[in-house]
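The values are calculated or read from the model by the stated rules, or taken from the named source; none is laboratory data. Please read all numbers here as calculations on a predicted model, not as lab measurements. When we count neighbours, we look across all protein chains shown, and the Cβ atoms used for this are built from the backbone with ideal geometry, even at glycine. Accessible surface is based on the protein model in full, side chains and every heavy atom, while ligands, DNA and RNA are left aside. Shrake-Rupley method; radii C 1.70, N 1.55, O 1.52, S 1.80 Å.
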Amino acid sequence: MATIETDEHKALRAAVAALGRRHGRGYDREALWAEAAKLGYLGVNLPEEYGGGGGGISELSIVLEELGAAGCPLLMMVVSPAICGTVIARFGTEEQKRHWLPGLADGSLTMAFGITEPDAGSNSHRITTTARRDPDSGDWILNGRKVFVSGVDITDATLIVGRTEDARTGKLKPCLFIVPRDTGGFGRRQIDMELSAVEKQFELTLDDVRLPADALVGDDDAGLLQLFAGLNPERIMTAAFGIGMGRFALARAIEYARDRTVWKTPIGAHQAIAHPLAQAHIDLELARLMMQKAAYLYDAGDDAGAGEAANMAKYAAGEACVKAVDQAVHTLGGNGLTREFGLASLITAARVSRIAPVSREMILNYVSHQTLGLPKSY
């Protein structure tokens with residue numbers, strides 16, 4: 001694995017950064033989404049034969065990071081092309097690929113992802129949304145609830161994680177289903193969030209939702225393999241989201257520290273100001289290296305290696321993002337809380353990179369169990 005970006009990656013980063021600067025902090029999500037799609041950035045990770053760029057999560061994470069660094073991150077990139085597009089590209093039927101991937105690549109179709117449940121939390125083994133086959137028609141019938149599902153109101157379908165019963169063992173196992181937005185019995189309720197974000201959060205209810213047999217993505221025997229094919233990119237992209245946000249905040253603080261003069265000296269000349277900003281930069285750079293490693297391993301087909309690296313990248317990026325935002329606001333003092341400088345809202349937003357899609361505590365559990373071989377406490 002090269003630790004220095006290729007010329008192609010550098011060119012992509014520069015081009016996306018230019019796009020981000022054109023739209024800026026006060027961006028219109030629909031306009032930016034449309035332009036990013038037209039330029040081929042939304043589907044850069046999807047196969048060329050279905051309208052994508054033929055790249056991988058390495059390229060898609062660059063796109064999201066640079067948009068975030070410009071103050072205009074597209075959260076649905078984590079969900080639509082990264083999770084849903086990846087799962088369909090790897091495990092979908094030919095018909096599913098032809099129907100969904102070109103639209104996901106050119107932005108004309110978007111998908112949400114529903115896994116979290118009110119009572120399951122971080123334990124994906126306790127998912128209670130069930131799917132059973134109608135013996136007469138072969139249809140699938142889904143029942144259950146999901147919470148904190150992003151952007152359901154602006155997507156065409158949701159990739160739902162349900163559980164089917166193994167006929168041999170009677171045990172439930174995870175499976176993935178494409179549920180179009182207007183399917184009967186598929187309800188949504190917007191969750192009232194304090195966090196101000198363009199993409200809204202929803203609670204979903206599935207009440208005898210009937211789906212055709214071909215709504216199942218992949219094999220109903222594949223189980224966790226298919227699920228984590230989407231969750232690892234999600235963690236990598238969340239890391240990109242956090243790194244981009246941290247870079248945006250840090251850039252604002254650096255600019256302010258250079259220009260703000262007290263007692264005839266720029267405040268950035270004082271080590272009490274300069275050193276914490278330097279530390280924030282180091283933390284963000286280190287998090288990016290782990291993110292790049294995770295993306296490289298995933299794109300190379302090393303799912304096990306990518307799982308460990310993706311979790312560590314998400315952890316590192318979340319911590320670096322929160323610290324960078326906090327230090328940026330502190331550097332600006334009272335100005336850091338004004339709307340003019342655009343940092344105050346990031347105080348809350350930065351917490352998302354620590355909490356979602358998996359908490360830092362669960363990542364520490366993963367590393368202690370899977371990497372260090374320590375016994376579980378649960």
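Helices in the chain, meaning DSSP H runs of at least 4 residues, each add -39500 (n - 2.57). Divided by all residues, the mean residue ellipticity at 222 nm is -15500 deg cm²/dmol. The alpha-carbon of Lys264 sits under 15 angstrom from the alpha-carbon of none of the aspartates and glutamates, leaving out residues fewer than 8 places away in its chain. Modelled label positions at Glu340 and Ser108, each set 7 Å beyond Cα in the direction of Cβ, lie 4.6 nm from each other. Computed on segment 259-378, with alpha-carbon pairs under 8 angstrom and 6+ residues apart, the relative contact order is 20 percent. In this rough spin-label picture, where each label sits 7 Å from Cα along the Cβ direction, the Ala272-Lys10 distance is 4.0 nm. Calculated FRET efficiency, His99 to Asp28, Cβ-Cβ distance, R0 = 41 Å: about 0.90 to the nearest 0.05. In the chain, the alpha-carbon atoms span a convex hull of 147 Å³ per residue.
Taken about its Cα centre, the chain carries a charge dipole of roughly 1280 debye when the Cβ of each Lys and Arg holds +1 and the Cβ of each Asp and Glu holds -1. The apolar share of the surface of the chain, taken as the fraction of accessible area on carbon and sulfur atoms (1.4 Å probe, ligands and nucleic acids excluded), comes to 52 percent. A DSSP coil position with no more than 12 other Cβ atoms inside 10 Å describes the following trypsin sites (Lys or Arg not before Pro) in segment 193-270: Lys264. In the full protein context, the chain carries 46 Å² of accessible surface per residue, based on a 1.4 Å probe and ignoring ligands, DNA and RNA. Counted residue by residue at 0.36 nm each, then reduced by the alpha carbon distance between them, the extension gain from Leu374 to Glu165 reaches 72.1 nm. Here the simple spin-label model places points 7 Å from the Cα toward Cβ, and for Ile347 and Asp214 these points are separated by 5.3 nm.
Centre-to-centre, using Cα atoms only, segment 134-161 and segment 245-314 are separated by 38 Å. Mean sequence separation of contacting Cα pairs (under 8 Å, at least six apart), scaled by the length of the chain, corresponds to a relative contact order of 15 percent.
Of the trypsin sites (Lys or Arg not before Pro) in segment 281-378, the ones in a loop by DSSP (not H, G, I, E or B) with at most 16 other beta carbons within 10 Å are Arg339, Lys376.
Rg and Dmax of segment 204-327, based on Cα coordinates, read 20.9, 73 Å. Quick check: Cα centre of segment 317-371 to Cα centre of segment 170-214, how many Å? Segment 317-371 and segment 170-214 have Cα centres spaced 28 Å from each other. Would you kindly work out the equivalent ellipsoid of segment 133-252 from its C-alpha gyration tensor and give its semi-axes, the square roots of five times the eigenvalues, largest first in whole Å? Largest first, segment 133-252 gives 32, 19, 11 Å. Measuring r between the beta carbons of Asn143 and Glu255 and using R0 = 51 Å, the FRET efficiency lands at 0.45.
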